[in-house]
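Let me begin by presenting the structure, written as structure tokens, before commenting on it.
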Amino acid sequence: YSLYTRTWLGYLFYRQQLRRARNRYPKGHSKAQPRLFNGVKVLPIPVLSDNYSYLIIDTQARLAVAVDPSDPRAVQASIEKEGVTLVAILCTHKHWDHSGGNRDLSRRHRDCRVYGSPQDGIPYLTHPLCHQDVVSVGRLQIRALATPGHTQGHLVYLLDGEPYKGPSCLFSGDLLFLSGCGRTFEGTAETMLSSLDTVLGLGDDTLLWPGHEYAEENLGFAGVVEPENLARERKMQWVQRQRMERKSTCPSTLGEERSYNPFLRTHCLALQEALGPGPDPTGDDGCSRALLLEELRRLKDMHKSK
């Protein structure tokens with residue numbers, strides 16, 4: 001991990017990933033399914049082998065914001081197809097599969113600003129953000145929320161739905177996936193739990209746009225730890241139909257995620273009884289939930305390695 005994040009070997013590995021994915025998936029790993037609201041368009045861009053970048057477009061002003069543009073060629077092609085001007089890049093965290101396109105796109109679009117956390121070593125960062133800072137582009141109002149754990153400076157971005165009378169949209173990077181969450185590389189289980197609770201505080205109708213296409217694998221794991229969860233079973237059937245046609249599974253909603261995502265269900269008594277350490281003798285519910293989250297992450301890593 002240190003080699004990947006702190007040396008140029010990580011960048012060379014990312015470039016190799018990029019070449020292989022372009023050869024294997026010349027049109028992307030999944031079929032993009034954009035959402036058009038009242039003057040706002042959210043366009044997922046499938047990149048690498050399972051990542052998503054996004055364009056958030058003010059369709060009236062023809063202005064675009066890119067989220068985690070890891071493949072600059074794919075993002076640029078979407079910019080040209082949509083006929084928009086790229087004015088900002090929002091980077092959730094420093095990992096190359098999310099930040100690798102910052103250099104090429106910021107050089108190509110000279111007035112483009114690169115936003116992210118100053119704690120995270122974002123490549124070509126021009127505009128550091130702190131928790132609750134707002135980025136305004138046309139009618140787009142996008143709030144940065146600090147969600148450390150996966151990396152020290154991980155941010156998620158919340159597009160306010162009020163200006164376009166639609167749902168808010170959460171671009172979650174590697175914090176939260178459909179039925180999953182990111183690995184805790186640079187934090188503790190307590191840190192990650194606090195970050196997950198930050199997004200749990202958002203509305204149920206908030207659309208979740210994650211950084212990876214992990215839905216089928218994640219729901220499979222959720223079935224191991226909560227086999228009787230009918231909401232998970234229904235979602236798995238839908239996801240499998242989508243993936244048979246190579247269609248994207250995003251977005252889900254935070255309301256859906258509460259019903260089947262085990263990493264958001266550490267308060268659930270059945271999960272605590274099955275996997276958790278039991279009630280904390282001090283009465284600290286947060287401690288018990290953090291221990292359960294740590295165990296879920298351990299089991300998920302084992303499940304993936306099988």
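The values are calculated or read from the model by the stated rules, or taken from the named source; none is laboratory data. Here the structure is a predicted model, which is why all the values come from computation and not from measurement. Cβ atoms come from the backbone with ideal geometry, glycine included; neighbour counts cover every protein chain shown. Surface accessibility is based on the protein's heavy atoms, side chains included, excluding ligands, DNA and RNA. Shrake-Rupley method; radii C 1.70, N 1.55, O 1.52, S 1.80 Å.
In the range 26-56, of all residues being touching a Ser or Thr at 6+ places or on another chain (Cβ under 7 Å) and part of a loop (DSSP other than H, G, I, E, B), the one that is surrounded by the fewest Cβ atoms within 10 Å (Cβ to Cβ) corresponds to Gln33.
Residue-level check: of (1) more than 27 Å from Leu36 (Cβ to Cβ); (2) touching a Lys or Arg at 6+ places or on another chain (Cβ under 8 Å); (3) aromatic (Phe, Trp, Tyr), Trp96 misses just (2).
Restricting attention to the range 130-144, the residues being open to solvent by less than 10 Å² (accessible area, probe 1.4 Å) and within 14 Å of Ser172 (Cα to Cα) number 2. The set of residues in the range 144-178 that are more than 10 Å from the chain's Cα centre (by Cα) and under 26 Å from Thr5 (Cβ atoms) comprises Ala144, Leu145, Ala146, Thr147, Pro148, Gly149, His150, Thr151, Gln152, Gly153, His154, Leu158. Screening Cys112, Cys91 for residues that are crowded, with 24+ Cβ neighbours inside 10 Å, under 20 Å from Asp58 (Cβ atoms) and not polar (S, T, N, Q) leaves exactly one candidate, Cys91. Asp104: part of a helix (DSSP H, G or I), within 18 Å of the chain's Cα centre (by Cα) and not aliphatic (A, V, I, L, M), yes or no? Considered against the rule, which asks whether it is part of a helix (DSSP H, G or I), within 18 Å of the chain's Cα centre (by Cα) and not aliphatic (A, V, I, L, M), Asp104 comes out as no.
Within the range 1-47, being touching a helix residue (DSSP H, G or I) at 6+ places or on another chain (Cβ under 7 Å), more than 16 Å from Trp209 (Cβ to Cβ) and of a type in the set (A, V, I, L, M, F, W, C) holds for Leu3, Leu9, Phe13. Among residues of the range 236-258 that are over 22 Å from Ile56 (Cβ atoms), those with a beta-carbon under 9 Å from a residue that is of a type in the set (D, E, K, R) and part of a helix (DSSP H, G or I) at least six positions away or on a different chain give the pairs Met236/Glu216; Val239/Glu216; Gln240/Glu216; Gln242/Glu216; Arg243/Glu216. Scanning the range 151-205 for residues that are of a type in the set (Lys, Arg) and either in contact with a helix residue (DSSP H, G or I) (Cβ under 9 Å, 6 or more places away or on another chain) or surrounded by 24 or more Cβ atoms within 10 Å (Cβ to Cβ) (or both) turns up just one, Arg183.
Here Leu196 fits the description: in a helix (DSSP H, G or I) and at pLDDT 95 or above.
Tally up the residues in the range 137-158 that are in a strand (DSSP E or B), within 14 Å of Cys91 (Cα to Cα) and either of a type outside the set (Val, Ile, Thr) or modelled with pLDDT under 95 (or both), please. Result for the range 137-158: 7. Evaluate the following for Gln242: is it open to solvent by 40 Å² or more (accessible area, probe 1.4 Å) and assigned to a helix (DSSP H, G or I)? Here the answer is no, as Gln242 does not meet what is asked.
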